[in-house]
Amino acid sequence: MRGLPTVAIVGRPNVGKSTLFNRIVRRRKALVHSRPGITRDIQKQAAEWNGFHFEMVDTGGLFSGVEDGIVREVENKAIGEALGADALVLVTDAETGLTPADREVAERMRNLDAPVFVAVNKTDKSGSRFAGSEFYELGFPNIYEISALHGQGIGELLDDLVTVLPKREAERAHEDLKLAVVGRPNVGKSSLVNALVGSNVHIVDERPGTTRDSIDIRVRWHGRNITLVDTAGIKRKSRSKDGVTVLSALKSIETIDRADVVVLMLDASNEIANQDVKVGSYAHKAGKGVLICMNKWDLVKKTDKTYRECEIKIREAMAYLSYAPILFISALTGQRVHRVFPTAWRVAESRGKRIQTSELNDFLEAVTAKIPPPFHGGGTGKIYYAAQVETAPPRFTLFVNKRAYFGRAYLRFLNNQIREQFSFDGTVIRINLSEKKRKGDKR
């Protein structure tokens, strides 16, 4: 069964395609910047207008005149999306007027079967009531003067657009897991996503910073629906000198907040950097499940001790992620890539696990009987009972005689004991103390 009818937004660079996309889907999903050529990968998002549901597709700029491998691939992907769309919105710029590049895009779109709607953007800035009139030269009857930034004219465009779209509904797929792939630039995030999906869905290049937007891809794995999110590389603030890099990094951090599990990508051909540690800390502080993937393992010269030595280095550099499983992979050759989804799923299950109160209290009673809390802060701690109060991440409340009697070392011991006993693999565990006074207790 086919999904929702699709509308592809096309045009030359810097005419406001992504701004229009965000306006129609009513989310700041696509990265927007004044610099031309910001959009590289394809963005897709469901949209609705007057009860009619369809899918919007944002594409990179066409016919930029730049000779570059990445630019060619951006243009090829844009043409590919146009070929499969049910309708096309050709965005132009009223400020610059009709250009040769607009004519080239129009000529290419004319040869497709889909109806074309010309959106003359930035008419609020052009200063002319008839800013869109010259675009009738492109030969399309449907011309709309709009301002994607302020929303002017969008309603008229959508009113006419939905009348030509086929009426079909998409199967609503339940999302079982949202998996974000994060890391500093050029560690192989997009290569891993392509390897997991089994096709070249993302543009991959040796130059850092190829991916700029956070791109969602829905895949089926063993009957489960997984949303895989590729993100832009997160650089150190001191190295993020331009606005695009900063915006891309902010969207990547935002993606971590939306994820269930985060795949933290490291580069085995380089030493672990401070920025690797920083990126990992975002996922840890957000309470997300974490899977560490040491990529480019095929480039490492190995002995029988290499694996263990590398694991120790990771654990020492990222002691706060001691709970995260580690996979040594090569996205390029496919080595151990097949283990990413099963491991991430196991982490997600751990993160959502709930322990019965009776089972938890029986276990803690046995642990504290064997190794009771030491004298600390002027007294000895007592745990009356405990309960798991949250999942994702797991959070436990211990009802005690006095919080000050429990030192960090003993709480860390209890954390590790709970993790080991109940197999909380890949997720942070949080323990809160709540004071509860009982008769006979000396405070």
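All of the numbers you see were taken from the coordinates with simple rules; none came from a lab. Please read these numbers as outputs of a predicted model, since none were measured by experiment. Quick reminder, even Gly has a Cβ in these numbers, built from the backbone with ideal geometry, and neighbours come from all protein chains shown.
Given a Förster radius of 56 Å and the C-beta distance between E107 and R224 as r, what FRET efficiency does 1/(1 + (r/R0)^6) yield to the nearest 0.05? Show your work: numbers first, answer last.
Details: r = 44 Å, r/R0 = 0.79.
Working from the Cβ atoms, E equals 0.80.
Peptides 291-297, 224-230, 147-153, ordered by how many other C-beta atoms sit within 10 Å of their residues on average, highest first, read 291-297, 224-230, 147-153. Pairs of Cα atoms in the range 277-372 fall into 5 Å distance bins, from 0 up to the last occupied one, in shares of 2, 11, 16, 17, 18, 13, 10, 6, 4, 2, 0 percent.
Which peptide among 180-186, 303-309 comes first, and what is the full order, when sorted by highest mean count of other Cβ atoms within 10 Å?
Values: 180-186: 24.4, 303-309: 10.0.
The densest-packed peptide leads the list: 180-186, 303-309.
Computed about its Cα centre, the charge dipole of the range 306-406 is approximately 120 debye, with only Lys, Arg, Asp and Glu carrying charge at their Cβ. Legend: calculated FRET efficiency, R168 to Q356, from the Cβ-Cβ distance at R0 = 56 Å, rounded to 0.05, equals 0.75. Averaged over residues, the count of other Cβ atoms within 10 Å places the peptides 327-340, 368-381 in the sequence 327-340, 368-381, highest first.
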